[in-house]
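Q: The following block contains the structure, expressed as structure tokens.
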Amino acid sequence: MNESLDTDKLEREVKSMYRTVAKSADAEFHFETGRDLAERLGYDPGILTDVPDEAIDSFAGVGHCFEFADLEPREGVLDLGSGSGMDAFYAAMAVTETGSVTGIDMTLEQVEKANALATANGFHNVDFRRGYIEDVPFEDGSFDAVISNGVINLSAEKDRVFEEAHRVLRPGGRLALSDIISERQLPESIKADADLWAACIGGAEHVDSYTSLIESAGFDLVEVRENTEYEFISGRAANACQTYGVKSISLGARKH
């Protein structure tokens, strides 16, 4: 953990930013949101037609990792940092009504919005709970796959996130995620900036350290791929990306 980071302030900043994403996705952020972003990153427009529009509008992901998830009917999926639910609803199309998808997010407004959308649109096998991705409230071996999109970089305890993902997966279970990493070490001035953490910049782990944390948690890394279609849109964020090689990747891994 970065000792100079005020983690309480970080949580407040992240909740504030994603509360706004939930309520008004057309506000200005450091990052893009919405359908155009999702389709450019690789989401199937045909599948998106069955995802609630309000969830797509608030989509703030950084990649498309579903080929690594390899979801099948009857499987159970956990979405870490599920936001307004787009990835969870998208995953539900793959596992069908014979499977289930559970999302966990620390922002109450996101959880309430996602559950309301699930109820209103007949997603009876999709459920959202408020909680922290560093301490997920599920038993060991509860899921076949864990997915996450643009969220783990927001955690100051990434090792705990990967350990928890490993714990709740069944043997052979898959981890599929998209996230923001850096090619060069970020200076303390950025790593200690809660606003840049909330914008998915300040918490970007060096790529080698990031993958090492995954392997140390007990995963076999399958593939890492850069998401060249993703870019930050504010000048401040774009400058950090150019200077420190901050970029989006997607990866797949399997539990031993």
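Q: Would region 225-245 turn up any residue that is surrounded by fewer than 21 Cβ atoms within 10 Å (Cβ to Cβ), part of a strand (DSSP E or B) and modelled with pLDDT of 85 or more?
A: yes
Residues are listed down the side, and each one gets a yes or a no for (1) within 30 Å of residue 190 (Cα to Cα); (2) touching an Asp or Glu at 6+ places or on another chain (Cβ under 8 Å):
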{"position": "93", "(1), (2)": "no, yes"}
{"position": "99", "(1), (2)": "no, yes"}
{"position": "102", "(1), (2)": "no, yes"}
{"position": "105", "(1), (2)": "yes, no"}
{"position": "108", "(1), (2)": "yes, no"}
{"position": "124", "(1), (2)": "no, yes"}
{"position": "128", "(1), (2)": "no, yes"}
{"position": "148", "(1), (2)": "yes, yes"}
{"position": "153", "(1), (2)": "yes, yes"}
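Q: With respect to residue 191, determine if the residue is touching a Gly at 6+ places or on another chain (Cβ under 7 Å), in contact (Cβ under 8 Å) with a residue 24 or more places away in the chain and more than 17 Å from residue 133 (Cβ to Cβ).
A: yes
Q: Touching a residue at least 40 places away in the same chain (Cβ under 8 Å), assigned to a loop (DSSP other than H, G, I, E, B) and surrounded by fewer than 22 Cβ atoms within 10 Å (Cβ to Cβ): which single residue out of 170, 254, 184 fits that description?
A: 184
Q: Go through (1) farther than 26 Å from residue 43 by Cα; (2) out of contact with any Lys or Arg (no Cβ under 8 Å at 6 or more places or on another chain); (3) surrounded by fewer than 21 Cβ atoms within 10 Å (Cβ to Cβ) one by one and return the number of the condition residue 221 breaks.
A: Against the list (1) farther than 26 Å from residue 43 by Cα; (2) out of contact with any Lys or Arg (no Cβ under 8 Å at 6 or more places or on another chain); (3) surrounded by fewer than 21 Cβ atoms within 10 Å (Cβ to Cβ), residue 221 comes up short only on (1).
Q: Can you go through 221, 213, 175 and tell me which one is at negative phi, over 16 Å from the mean Cα position of the chain (by Cα) and in a strand (DSSP E or B)?
A: Among 221, 213, 175, only 221 is at negative phi, over 16 Å from the mean Cα position of the chain (by Cα) and in a strand (DSSP E or B).
Q: Among (1) more than 27 Å from residue 169 (Cβ to Cβ); (2) modelled with pLDDT under 90; (3) buried (at least 19 other Cβ atoms within 10 Å of the Cβ), which single condition is residue 14 missing?
A: (1)
Q: Can you tell me which residue is surrounded by the fewest Cβ atoms within 10 Å (Cβ to Cβ) among those in region 143-157 that are out of contact with any Gly (no Cβ under 6 Å at 6 or more places or on another chain) and within 16 Å of residue 194 (Cβ to Cβ)?
A: Per the criteria, the residue is 157.
Q: Restricting the first residue to region 196-212 and requiring it to be among the acidic types (Asp, Glu), which pairs with a second residue that is modelled with pLDDT of 85 or more and in a strand (DSSP E or B) meet a Cβ separation below 9 Å and a spacing of at least six or different chains?
A: Note: pairs meeting the criteria are 205/179; 205/180; 205/181; 205/182.
Q: Got a sec? Which of 87, 79 is touching a residue at least 40 places away in the same chain (Cβ under 8 Å), part of a strand (DSSP E or B), under 28 Å from residue 170 (Cα atoms) and within 16 Å of the chain's Cα centre (by Cα)?
A: Exactly one of 87, 79 is touching a residue at least 40 places away in the same chain (Cβ under 8 Å), part of a strand (DSSP E or B), under 28 Å from residue 170 (Cα atoms) and within 16 Å of the chain's Cα centre (by Cα), namely 79.
Q: Right, something else. Determine which single condition residue 43 fails, assuming it passes every other condition in (1) in contact (Cβ under 8 Å) with a residue 24 or more places away in the chain; (2) surrounded by fewer than 24 Cβ atoms within 10 Å (Cβ to Cβ); (3) more than 20 Å from residue 249 (Cβ to Cβ).
A: With (1) in contact (Cβ under 8 Å) with a residue 24 or more places away in the chain; (2) surrounded by fewer than 24 Cβ atoms within 10 Å (Cβ to Cβ); (3) more than 20 Å from residue 249 (Cβ to Cβ) applied to residue 43, the lone miss is (3).
Every residue, every condition in (1) at positive phi; (2) out of contact with any Pro (no Cβ under 9 Å at 6 or more places or on another chain), yes or no:
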site: 80; (1), (2): no, yes
site: 83; (1), (2): yes, yes
site: 87; (1), (2): no, yes
site: 99; (1), (2): no, no
site: 112; (1), (2): no, yes
site: 126; (1), (2): no, yes
site: 149; (1), (2): no, yes
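Q: While we're looking at this one, here's another question. Has region 115-125 got any residue that is modelled with pLDDT of 95 or more, outside any strand (DSSP E or B), within 18 Å of the chain's Cα centre (by Cα) and under 18 Å from residue 150 (Cβ atoms)?
A: No, because not a single residue in region 115-125 is modelled with pLDDT of 95 or more, outside any strand (DSSP E or B), within 18 Å of the chain's Cα centre (by Cα) and under 18 Å from residue 150 (Cβ atoms).
Q: Tally time: how many residues in region 24-39 are modelled with pLDDT under 60, hydrophobic (A, V, I, L, M, F, W, C) and buried (at least 18 other Cβ atoms within 10 Å of the Cβ)?
A: Number satisfying all stated conditions: 2.
The values are calculated or read from the model by the stated rules, or taken from the named source; none is laboratory data. Remember, it's a predicted structure, so these values are computed and weren't measured experimentally. Cβ atoms come from the backbone with ideal geometry, glycine included; neighbour counts cover every protein chain shown.
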